[in-house]
Structure formats: C-alpha cells, structure tokens
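This report concerns only the one structure given below.
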Amino acid sequence: MSESMTGQQLEQCKQKLLQMRAELAARQAASSEVGDTGTVVLDQQSVGRLSRIDAMQSQQMALESQRRRELVAKQVEAALKRIEEDDYGYCLECDEEIDPRRLLFNPVVTCCIDCADK
C-alpha cells in the first residue's frame, strides 16, 4: 500500500473492485443467456441478405464486448492481487506512488499519471 493512501481509501478501492467483479460476472452471465456470439445462419430463404449482415455485425459487437469484459476482469483480479500482496498503489513502470485520487476514480490503473502520459 502506498504511504499516502489511507486504509479507508484502500478499502474503498477494494470495495469498488469487488463491485466491478460482480457486475462483470452478471454481464457475462446475461450475455451467455442471450447467445449473440453463436454462428450466423446463412440460409437466404429464412433470412434476407441485410438481416444476415445485421446479425453478423451484432455478433461481432457481442464478441468485442465479451473480449473487453474479459480484459477488465483480468485487470480487476490483478488489482485485487496487488492489494493482497501490499503492492497496490505503486506505478508498475517507475515504482512511484500513484495518486490515491486516481486510484479511487479508476482502481485498476497500474501507472502514475506521468508514466501514463508517455
């Protein structure tokens, strides 16, 4: 934990990360039920050409949303692991402290503002 981050701020970040993890799991479950990522049927008698194109576009959007959810889920798990290991709040690039306000805004950030600007 960084010296400038208080225990209360660390707990706020941890709670926000746990909430993010729960929301991501709920979204993943909801998108699995819908099944937008399945194979698009190319039977012209049952679906017109524009409908197939629309279905393929929807499928790609669903796949990209799933990829993004998986990426954020990995970031959340990594942040929670850093909290457990007492490494949370330090920049992975320069090893300086990350401003607690930055972490409270987005608890998955891994770099200080200076390294993020590079």
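Just so it is clear, none of the values below were taken in a lab; they were calculated from the coordinates. Computed from a predicted structure; not experimentally measured. Every residue, glycine among them, receives a Cβ derived from its backbone with ideal geometry; neighbour counts consider all protein chains shown.
Among the lysines, which have Cα under 18 Å from the Cα of LYS16 when same-chain residues fewer than 8 positions away are ignored? Straight-distance partners of LYS16: LYS74, LYS81.
Overall, segment 55-109 carries a charge dipole of about 520 debye about its Cα centre when +1 sits on the Cβ of Lys and Arg and -1 on the Cβ of Asp and Glu, all other atoms neutral. Placing unit charges on the Cβ atoms of the charged side chains and taking the dipole of segment 56-118 about its Cα centre, the candidate lying farthest along the positive direction among ILE83, LEU103, MET56 is MET56.
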